[in-house]
Amino acid sequence: MTGKPRIGVFHPGTQHSWQTALAFQEAGMLGWYATSVFYDPARWPYRVERLLPGGLRQRLNAEFRRRYTPVLDPARVRHLDPIEWFETAATRLGFLRMGRWLNIAGNKSFARAVAKLCEREPVDLLWGYDTAALELFEWAKPRGIRCVLDRTIAHPNHTTRMMTAAFQRHPEFFAAPYVGQSAALIERQDRELALADQVVVGSAMCARTLVAAGCAAEKIHVVPYGFDETLFPSAPPKRRPLGGRPLRFLFVGQIGVRKGVPDLLKAFAAIAPRHASLDLVGPRVVPNAALAPYEARVTLHPPVGRDAVAGFYAEADCFVFPSLSEGSAIVLAEAVGAGLGILQTVWGGEGADHGQSGLVIDDVDQLPGALDQILGNPAVVEDWQAAAWARAPGRRWRDYRVKAAALAAEWAAA
């Protein structure tokens, strides 16, 4: 290969794919970024906002702009079938089965569309995301194109085991009996892992679940996710002195079972309000009836944009994230960037340094004891905040981009 490699990044939605594409754009290696959701007011379905009355138009515009970033060169963005928007709409309206079907069907058609894009605009390396890469990898491998799978969540075997146990503990938080992913969908993901030349994950714990499911350890690479340094403070935040007041805990993410919210709510129900408060920020994905008994004890906030969420981190004393299964939660990197100590499960991903900038527990059943430990010595959160702030310079999205670009250049040249 002469000159810099050409890399194609593809994702039907968003996740952190913008940061990956930006890594290669900054390094002069981005051939194109293919997606189904990237706001362009001149294109369908975004043009529909022009036809709506003012209030509704503003709300839809805000939703559309969540799928937009000004840092990517528009000339490098390739807009494919917008089926992802229909999946999002079905899920938001409560048609979960339809949403799942659209997700599976959409991922397959998206991968085939990217294969046609590759024929028109060849690249040396493809970087794609779990459940949306299989058909493209099957097309690319015989043609000698290097394939990188960005695996954004733990293997479904792990998730199924954890969620099955959660259903036994908290059935009221499920709208229907829990059924794990289908055998066909798990097989699809295993085939993606097998076809990939390299697999990138956000945490060592995610890698561990893949190895346990049979993925070769030598082709898995941990590239921790980051926080947006443009949205978080450049100097240590000045928080209210503790002074005997209740500690303010913060959770950000889907208010659902996989994030450990039932265990978190039940733990806080046993804590007197004079000792601690809890704010939860994010979309509700559990029955409202399950949340009702706790609404007088905790404060539930709707989801907000990344720019607005920084204010919640600034007001908190400690971040809490008892997730059951992740790749690596970006909110953990954001908590580090905000200079917050963290109480998390090991399955949440790369966040606290245990005993230095927070506590990392093995399972949610240890959550009440960990909270008691913090409340017994509230001043420890100030030590954790200082330690988290010291770690922040290595946890920016900029750091992720540098590492991702270096790996991609190495693999493309191999």
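The values are calculated or read from the model by the stated rules, or taken from the named source; none is laboratory data. Here the structure is a predicted model, which is why all the values come from computation and not from measurement. Glycine also receives a Cβ, built like all others from the backbone with ideal geometry; neighbour counts cover every protein chain displayed. When the accessible area is computed, the model is the full protein with side chains, heavy atoms only, and any ligands, DNA or RNA have been set aside. Shrake-Rupley method; radii C 1.70, N 1.55, O 1.52, S 1.80 Å.
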*How would 354, 79 line up by accessible area, probe 1.4 Å, largest first?*
354, 79
*What FRET efficiency comes out for the pair residue 121/residue 217, r = Cβ-Cβ distance, R0 = 25 Å, nearest 0.05?*
0.15
*By average Cβ neighbour count within 10 Å, what is the ranking of 393-403, 122-132 from highest down?*
122-132, 393-403
*State the percentage of accessible surface on region 241-379 attributable to carbon and sulfur atoms; use a 1.4 Å probe and exclude ligands, DNA and RNA.*
53 percent
*Ordering 239, 161 by how much accessible area each has at a 1.4 Å probe, largest first, what is the list?*
161, 239
*Most to least accessible of 258, 76, 274 (protein chains only, probe 1.4 Å)*: 274, 76, 258
_All aspartates and glutamates inside 20 Å of residue 238 as judged from Cα atoms, apart from same-chain residues fewer than 8 positions distant_ = 228, 229, 279, 307, 315, 317, 334, 382, 383
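Considering only DSSP beta bridges where both residues belong to the chain, give the percentage that are antiparallel (nearest 5). Kindly include the intermediate steps, with their values, before the conclusion.
Numbers: 0 of 45 bridges.
Expressed as a percentage, antiparallel bridges in the chain total about 0.
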*In terms of Cα to Cα distance under 26 Å, which lysines are near enough to residue 219, apart from those fewer than 8 places away along the same chain?*
4, 108, 141, 403
_Highest mean first, how do 347-353, 249-255 rank when packing is the count of other Cβ atoms within 10 Å averaged over residues?_
347-353, 249-255
*Please calculate how many Å² of accessible area the chain carries per residue, with a 1.4 Å probe and no DNA, RNA or ligand atoms counted.*
44 Å²
*In debye, nearest 20, what is the charge dipole magnitude of the chain about its Cα centre with +1 on Lys and Arg Cβ and -1 on Asp and Glu Cβ, if you could check?*
960 debye
*Once the dipole of region 164-260 is set up with Lys and Arg at +1 and Asp and Glu at -1 on Cβ about the Cα centre, which of 167, 227, 251 lies farthest towards its positive end?*
251
*Give the accessible area for residue 71 in Å² (nearest 10); use a 1.4 Å probe, count only protein heavy atoms, and leave out ligands, DNA and RNA.*
80 Å²
*Amide H of residue 78: which non-local residues (sequence gap of 5 or more, or other chain) have their own amide H closer than 5 Å, using H built in the peptide plane?*
33, 34, 35
